[in-house]
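S.K.: Supplied in structure tokens, the structure appears directly below.
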Amino acid sequence: CALPIVADTMVVMNHGLIEQVGPPHEVYNRPATEFIARFMGGHNVLDTPTGKIAVRNDHMRIATEGEGIAATVTDVEYQGTYVLLGLDAANGAGRTGVSLMLPEAAFADRPYTLGENVRLSWAPPHAHALAA
């Protein structure tokens with residue numbers, strides 16, 4: 001028995017204007033604008049020298065020393081199969097709240113604590129440029 005497909009195309013609107021149209025998988029994984037990234041949830045929006053990007057929180061990682069952006073752990077939330085870290089991160093000229101999902105086993109191997117300074121990174125294919 002096959003499951004019915006509810007929708008193969010979705011439209012995201014902001015104040016009555018269409019921001020993005022596409023398959024749900026594409027809209028979630030490649031949001032076109034900051035509004036969509038924040039509306040869909042699970043994305044971090046960061047300022048870079050080339051413009052704003054979105055990176056899913058499950059694609060962020062704690063970087064090795066020297067690479068990535070500086071951040072401070074502000075929240076540690078156990079959620080069963082993963083641990084959600086809240087962080088205050090350097091973001092362009094300011095700071096922003098960022099979240100990062102760690103598999104439960106990875107957190108058990110290397111627990112992070114409130115106030116700990118870390119560096120955040122991501123693989124380049126996981127960063128999606130956002131429209132201005």
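The values are calculated or read from the model by the stated rules, or taken from the named source; none is laboratory data. The shown structure was predicted, so the numbers you read here are calculated from the model rather than taken from an experiment. Ideal geometry is used to build each Cβ from the backbone, glycine not excepted, and the neighbour counts take in all protein chains shown. Protein only, heavy atoms only, side chains kept; ligands, DNA and RNA dropped before computing areas. Shrake-Rupley method; radii C 1.70, N 1.55, O 1.52, S 1.80 Å.
S.K.: Only one of (1) over 18 Å from the mean Cα position of the chain (by Cα); (2) open to solvent by 40 Å² or more (accessible area, probe 1.4 Å) is not met by Pro124, so which one is it?
M.R.: Going through (1) over 18 Å from the mean Cα position of the chain (by Cα); (2) open to solvent by 40 Å² or more (accessible area, probe 1.4 Å) one by one, Pro124 breaks only (1).
S.K.: To continue, here is another question. Go through region 76-86 and give me each residue that's more than 11 Å from Gly115 (Cβ to Cβ) and in a strand (DSSP E or B). Working first, answer last.
M.R.: Filtering region 76-86 down to residues more than 11 Å from Gly115 (Cβ to Cβ) leaves 77-86.
Those that are more than 11 Å from Gly115 (Cβ to Cβ) and in a strand (DSSP E or B): Glu77, Tyr78, Tyr82, Val83, Leu84, Leu85, Gly86.
S.K.: Is there any pair linking a residue in region 112-131 that is more than 11 Å from Ile69 (Cα to Cα) to one that is of a type in the set (A, V, I, L, M, F, W, C) and part of a loop (DSSP other than H, G, I, E, B), with Cβ under 9 Å and at least six apart or on different chains, and which?
M.R.: If the second residue must be of a type in the set (A, V, I, L, M, F, W, C) and part of a loop (DSSP other than H, G, I, E, B), the pairs left are His126/Met60; His128/Ala32; Leu130/Ala32; Ala131/Ala32.
S.K.: Let me ask something else about it. Would you be able to tell me the number of residues in region 10-35 that are assigned to a loop (DSSP other than H, G, I, E, B), of a type outside the set (Gly, Ala, Ser) and either out of contact with any strand residue (DSSP E or B) (no Cβ under 9 Å at 6 or more places or on another chain) or at pLDDT below 90 (or both)? Give the steps one after another, and end with the answer.
M.R.: If we filter region 10-35 for residues that are assigned to a loop (DSSP other than H, G, I, E, B), which is where we start, we get 15-16, 23, 30-33.
Restricting the remaining residues to those that are of a type outside the set (Gly, Ala, Ser) gives 15, 23, 30-31, 33.
Cutting the leftovers down to either out of contact with any strand residue (DSSP E or B) (no Cβ under 9 Å at 6 or more places or on another chain) or at pLDDT below 90 (or both) gives us 15.
Qualifying residue count, region 10-35: 1.
S.K.: Still on this structure, please answer the following. Of all residues in region 66-87, which are β-branched (Val, Ile, Thr), touching a Leu at 6+ places or on another chain (Cβ under 7 Å) and either open to solvent by less than 60 Å² (accessible area, probe 1.4 Å) or over 20 Å from Asp47 (Cβ atoms) (or both)?
M.R.: Answer for region 66-87, where residues must be β-branched (Val, Ile, Thr), touching a Leu at 6+ places or on another chain (Cβ under 7 Å) and either open to solvent by less than 60 Å² (accessible area, probe 1.4 Å) or over 20 Å from Asp47 (Cβ atoms) (or both): Ile69, Thr72, Val73, Val76, Val83.
S.K.: If you don't mind, there's one more thing I want to ask. Only one of (1) more than 18 Å from the chain's Cα centre (by Cα); (2) loosely packed, with under 12 Cβ neighbours inside 10 Å; (3) in contact (Cβ under 8 Å) with a residue 12 or more places away in the chain is not met by Val21, so which one is it?
M.R.: Failed condition: (2).
S.K.: Would you mind stating whether Ala131 is small (Gly, Ala, Ser) and in contact with a Pro (Cβ under 7 Å, 6 or more places away or on another chain)?
M.R.: For Ala131, the condition - small (Gly, Ala, Ser) and in contact with a Pro (Cβ under 7 Å, 6 or more places away or on another chain) - is not met.
S.K.: Across region 79-103, what is the total count of residues that are at negative phi and in contact with a helix residue (DSSP H, G or I) (Cβ under 8 Å, 6 or more places away or on another chain)?
M.R.: Adding up the residues that qualify gives 3.
S.K.: If I ask for residues that are open to solvent by 20 Å² or more (accessible area, probe 1.4 Å), small (Gly, Ala, Ser) and in a strand (DSSP E or B), which ones from region 41-65 would you list?
M.R.: Gly51
S.K.: I've got another one for you. Checking the conditions here, which among Val76, Val83, Val55 is aliphatic (A, V, I, L, M), under 10 Å from the mean Cα position of the chain (by Cα) and at pLDDT 95 or above?
M.R.: Exactly one of Val76, Val83, Val55 is aliphatic (A, V, I, L, M), under 10 Å from the mean Cα position of the chain (by Cα) and at pLDDT 95 or above, namely Val55.
S.K.: In addition: Output the number of the condition that Gly115 fails; it satisfies all remaining conditions of (1) of a type outside the set (D, E, K, R); (2) at pLDDT 95 or above; (3) in a strand (DSSP E or B).
M.R.: Exception for Gly115: condition (3).
S.K.: Just to be sure before I move on: is Ala90 open to solvent by 30 Å² or more (accessible area, probe 1.4 Å) and either closer than 25 Å to Met10 by Cβ or free of Cβ contacts under 8 Å to residues at least 60 places away in the same chain (or both) in the structure I sent?
M.R.: For Ala90, the condition - open to solvent by 30 Å² or more (accessible area, probe 1.4 Å) and either closer than 25 Å to Met10 by Cβ or free of Cβ contacts under 8 Å to residues at least 60 places away in the same chain (or both) - is met.
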